[in-house]
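Written below as structure tokens is the structure these notes are about.
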Amino acid sequence: MVDAAPGWRLVMPVKGGLGAKSRLGAVLQRVPGLPEAIALDSVEGALACPAVASVHVVCSDVGRGERLAALGAVVVPESGPGSGLLPALADGLAALGATGGGGPVAVLLADVPCVRPDELAAALAEAAPVLARGRQATVLDAEGTGTVLLAARSAGELHPRFGPGSALAHRRDGARAVGLGLTRLRRDVDTPAELEQALALGVGPRTTALLARARPACA
């Protein structure tokens, strides 16, 4: 087991609605429940990490929120459903700040169905000395252009730039990339090709089961 700083508090946005994971295209027509399965596997993997004290999930769908809460997440309703990722993150960070308490903070996107507790712990352990120097730490996506995780010493020191080219935007803010060898954590899923890569690495139980049930219909 990799040692990591205790007491990490995570914020994970779980976007829903018709636009959720629209780049998966025809896959969603065959497997419409896929975005939720990916999100639930991502959140469950984060909650299982021993370095993580809490996970605040930002979600606008009541039913999905109940299922996330059943895993042990703290569900934060979106103040403006459909307004985008950054406003949702602002809601999550505000809720986190209102709870008080200490410990470092990280945003982890909820589209990493391959995430395993040990890889997340390794990333957080590598981020800890970066944060101690007053900098943000990032885990880049597999392509190196996006960001799957952004960490800071506190919610107030976290400056999310998620969106196209976020890796460069965070680097310009002085963030340092960590976890470059963590292939499971870095494999986010937005496209059919990325989904295939994730399946090869091994995805969580809900994503696995859902795709297995759908496979006969897709054949």
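Computed from the coordinates by the stated procedures, all read-outs in this text should not be read as laboratory data. Just so it is clear, the model here is predicted, and its values are computed rather than measured. Don't worry about glycine lacking a Cβ; one is built from the backbone with ideal geometry, like all the others, and counts go over all protein chains shown.
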query: For the range 112-156, how many residues are free of Cβ contacts under 8 Å to residues at least 40 places away in the same chain and either buried (at least 23 other Cβ atoms within 10 Å of the Cβ) or outside any helix (DSSP H, G or I) (or both)?
result: 6
query: Pairs, please: C-beta under 7 Å, at least 6 apart or cross-chain, first residue farther than 13 Å from Leu150 by Cα and in the range 173-185, second in a helix (DSSP H, G or I)?
result: Leu182/Glu119; Leu182/Ala122; Leu182/Ala123; Thr183/Leu201; Arg184/Glu119; Arg184/Leu201
field: Exclusive hit being within 21 Å of Val43 (Cα to Cα), surrounded by fewer than 19 Cβ atoms within 10 Å (Cβ to Cβ) and without any contact (Cβ under 8 Å) to a residue 24 or more places away in the chain, set Gly80, Gly84, Gly103
entry: Gly84
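One line per residue, one yes/no per condition, for (1) under 19 Å from Val148 (Cβ atoms); (2) not in a loop (DSSP other than H, G, I, E, B):
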{"site": "Pro32", "(1), (2)": "no, no"}
{"site": "Pro35", "(1), (2)": "yes, yes"}
{"site": "Ile38", "(1), (2)": "yes, yes"}
{"site": "Ser42", "(1), (2)": "yes, yes"}
{"site": "Pro50", "(1), (2)": "no, no"}
{"site": "Arg64", "(1), (2)": "no, yes"}
{"site": "Val76", "(1), (2)": "no, yes"}
{"site": "Ser79", "(1), (2)": "no, no"}
